[in-house]
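Working notes, beginning with the structure itself.
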Amino acid sequence: WADTDDKGVKHALDVAQCLEGRVESVRLVQSKEGKDAFDHLDAGHGLDEVVPFEPDSDDHPAIEDDRADDWGSPIPFRSHKLPEFTVNSLPSPLSEFVKAESLATQTPMDLAGCLVLAACSVAIGRRFRVEVRPGWEEPTNLFVVVVLDSGNRKTAVVTDLTRPITEFEKSEWERLAPGITDARTRHDILKKRCQLAQKEAAKAEPPDRAQLERQAVDAANELESLRVPPHPRIFGDDVTPEKLAQLISDYDGQFAVLSAEGGIFESMAGRYSPNNAPNFDVFLKGHAGDPLRVDRVNRPPDSVDNPCLTVSLAVQNDVLRGLASKPGFRGRGLLARFLYAIPESFIGRRRIGAPPVPQSVRLAYEQRITAILQMEPATDNYGKPTARTIRFDRDAADRFRAFEKQIEPELAPFGELGSIQDWGSKHVGSVARICGIIHVVKLANEPSLPDTRRIDLATVTQAIEIGAYFRAHARGAFAEMGADPEVENAGQVLAWISRKDRRSFTVRDAFQDLKSRFRRVADLQPALKLLVEHEYIREQHEERGQGRGRPRSPGYDVNPIFEDIGDIGDRNRTAISDLPSSSGTSVKTKTTFDSYPHNSQYPQNSSDDDDQGEAA
């Protein structure tokens, strides 16, 4: 509501401009009699007795807006200003190892921080579950994807983080190998004995047939009851979904896929399928712990009541882009199950000769993971491994409930997670899983099992902080995949502006040309709002006539700095902008949608030499 004097009018215009792009609409109004707001209300008039405010009228001459030509550079949609990993939210010794590993490999802490959570998830496996409240339990397995292009030493970090798991695998192989060999030998002998008994029973005459048949049945039952345990395996790398289901069944319902590549996504999409049909049911069920029943030709059925699958991937940007377009990946909830991280690459500013991970720090990390792997799982009534239940203490439960209440409104269509509701709906459960992982890591070296102690408030706080990191990166990841409909719609409007060489336009102009994409004018509004927020366009404040006829459609001016953005939905993710140089002339620059803010976790090219250190 504009006040009547010039200062008040200027203030109203300033407020309206600040609100643009942050609310659905801004409307400037004034009293019919030109009174101040309080005078208007004190006189008994209502809010419906107002008229549009017209700063160009005789009573209120146009106020000179100093910022009319003060356009900023358009903000690329893919320039994610994402937070760094909250490494101090990890318990000791994980946090110390992540810092040392990141320094030694000159990689962002996000890489080691996210993958160390996945490594702990592999170790914990089916040993523990988290009871959020009666009737709601979450397993402790995670799906994690870290996105970094080639040359960022992803393989080295994955190898270092999984070393204790690999070493445990080797030691278990050596320990169990003799027993496995004995069982396989007995199995082969029993199999031949069974075959021989069947042949003799089949050829026997009636007097001897009954006895030989009983012998054949007994041999078959003995063979069936003898189980040859497989050689110890905890994780794999490149595995087909069909083989993965078999591995989960063979290894008591638990397995992991850990890789520094993204080929597993192609396998899910049907790379090895005769008809290229997507096949990722085992991933959906392995994440949630839903019963897994797979029947295949020429193979015994795979049946697991509570499968537990961990997936940890370090992939390139090209793998991430386009995932949402793969059949079923978004619609069936596969992409919603992953925790995403898109850290900034250090290539080009890495420290040469960085110190290695101290042996004491590495040993503390490896001992903690090994201690978890050595925990004996509980068993059910049939002697099969099952999970122990971890619960919250009272303060932790209250804090977690408050966190739930905080997240719920963000899932609304216009909330922070509105465009990724599928992912956001699983966010609270993911944080509960992280609570369980942190709790077990903290207590792994104690004599009592973690389920004898309750999750405390500090652990919940740490998990929520880590969850906030993943929440921000998930929005960036889905936008990068091309899965954010508002971003894609905004890209279509930008493409239209470029194609038509528009310097200004009305909502009606845009809608008439873009009817094939937007069914209603209301569907166009979120895209326009996003373009205002990113400073590509600005709403016009023009005098609206009060005569007869259809009112003029709202208009927008196009940022004069912007020249040719192209289609932001294309695969190269680049934009051409006409940016002013320091000399005042215009220069062409190429801005990629993959640019990130500078990350200064480590000094650049630092050295022990004082002078060089100061220069760095």
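The values are calculated or read from the model by the stated rules, or taken from the named source; none is laboratory data. All of these numbers come straight from a predicted model, not from anything done at the bench. Please note: Cβ atoms are built from the backbone with ideal geometry, for glycine as well, and neighbour counts cover all protein chains shown. The accessibility values were calculated without ligands, DNA or RNA, using every heavy atom of the protein model including side chains. Shrake-Rupley method; radii C 1.70, N 1.55, O 1.52, S 1.80 Å.
Step by step: first the residues of region 402-427, then only those that are touching a residue at least 60 places away in the same chain (Cβ under 8 Å) and in a helix (DSSP H, G or I), then the one that is surrounded by the most Cβ atoms within 10 Å (Cβ to Cβ). Which residue is that? If we take residues in region 402-427 being touching a residue at least 60 places away in the same chain (Cβ under 8 Å) and in a helix (DSSP H, G or I), then W423 is surrounded by the most Cβ atoms within 10 Å (Cβ to Cβ). Checked against the criterion of being modelled with pLDDT under 90 and at positive phi, region 500-510 contains one or more residues that satisfy it.
Against the numbered list (1) open to solvent by 10 Å² or more (accessible area, probe 1.4 Å); (2) closer than 30 Å to V315 by Cα, I466 comes up short only at (1).
Residue check: E480 meets all listed conditions (1) part of a loop (DSSP other than H, G, I, E, B); (2) crowded, with 21+ Cβ neighbours inside 10 Å but one, namely (1).
For S225, the conditions (1) at pLDDT 85 or above; (2) more than 30 Å from A371 (Cα to Cα) all hold with the exception of (1).
Considering the conditions (1) part of a helix (DSSP H, G or I); (2) of a type outside the set (F, W, Y); (3) under 30 Å from P229 (Cβ atoms), A458 is excluded by exactly one of them, (3).
Which condition number in (1) within 28 Å of V428 (Cα to Cα); (2) open to solvent by 40 Å² or more (accessible area, probe 1.4 Å); (3) among the aromatic types (F, W, Y) is the one that W173 fails? Just one mismatch for W173, condition (1). S360 passes every criterion in (1) surrounded by 16 or more Cβ atoms within 10 Å (Cβ to Cβ); (2) small (G, A, S); (3) assigned to a helix (DSSP H, G or I) apart from (1). Once region 317-347 is narrowed to residues that are within 15 Å of K285 (Cα to Cα) and of a type in the set (K, R), the residue that is surrounded by the most Cβ atoms within 10 Å (Cβ to Cβ) is R337. Of the residues contained in region 384-405, one or more are found to be out of contact with any helix residue (DSSP H, G or I) (no Cβ under 9 Å at 6 or more places or on another chain), of a type outside the set (D, E, K, R) and within 29 Å of L443 (Cα to Cα). Restricted to region 527-564, and to residues there that are in contact with a strand residue (DSSP E or B) (Cβ under 9 Å, 6 or more places away or on another chain) and among the basic types (K, R), the residue that is modelled with the lowest pLDDT is R544. Can you find, within region 516-536, the residue that is farthest from I75 (Cα to Cα) among those that are open to solvent by less than 20 Å² (accessible area, probe 1.4 Å) and touching a residue at least 40 places away in the same chain (Cβ under 8 Å)? Among them, the one singled out is A527. Tell me which residues, restricted to region 224-280, are more than 27 Å from K191 (Cβ to Cβ) and of a type in the set (K, R). Across region 224-280, the qualifying residue is only R271.
For region 483-508, the candidate set comprises residues that are open to solvent by 50 Å² or more (accessible area, probe 1.4 Å) and of a type in the set (D, E); within that set, the residue that is nearest to K81 (Cα to Cα) is E486.
Of the candidates D513, D451, the single residue that is without any contact (Cβ under 8 Å) to a residue 60 or more places away in the chain, open to solvent by 30 Å² or more (accessible area, probe 1.4 Å) and not aliphatic (A, V, I, L, M) is D513. For beta carbons closer than 8 Å, sequence separation of 6+ or different chains, a first residue in region 217-243 that is closer than 16 Å to T181 by Cα and a second that is open to solvent by 40 Å² or more (accessible area, probe 1.4 Å) and of a type in the set (A, V, I, L, M), the qualifying pairs are P229/L176; H231/L176; P232/L176.
Please determine, by comparing only the residues of region 140-167 that are of a type in the set (D, E, K, R) and surrounded by fewer than 15 Cβ atoms within 10 Å (Cβ to Cβ), which one is modelled with the highest pLDDT.
Going through region 140-167, the residues of a type in the set (D, E, K, R) turn out to be 149, 153-154, 160, 163, 167.
If we keep only those that are surrounded by fewer than 15 Cβ atoms within 10 Å (Cβ to Cβ) as well, we get 149, 167.
Details: D149: 89, E167: 95.
Among them, the one singled out is E167.
What do you reckon, is D302 out of contact with any Lys or Arg (no Cβ under 7 Å at 6 or more places or on another chain) and open to solvent by 20 Å² or more (accessible area, probe 1.4 Å)? So D302 does not fit the description; no.
Being of a type outside the set (G, A, S), buried (at least 24 other Cβ atoms within 10 Å of the Cβ) and either in a helix (DSSP H, G or I) or modelled with pLDDT under 90 (or both): is that true of L82 here?
Details: of a type outside the set (G, A, S): yes; buried (at least 24 other Cβ atoms within 10 Å of the Cβ): no; either in a helix (DSSP H, G or I) or modelled with pLDDT under 90 (or both): yes.
For L82, the condition - of a type outside the set (G, A, S), buried (at least 24 other Cβ atoms within 10 Å of the Cβ) and either in a helix (DSSP H, G or I) or modelled with pLDDT under 90 (or both) - is not met.
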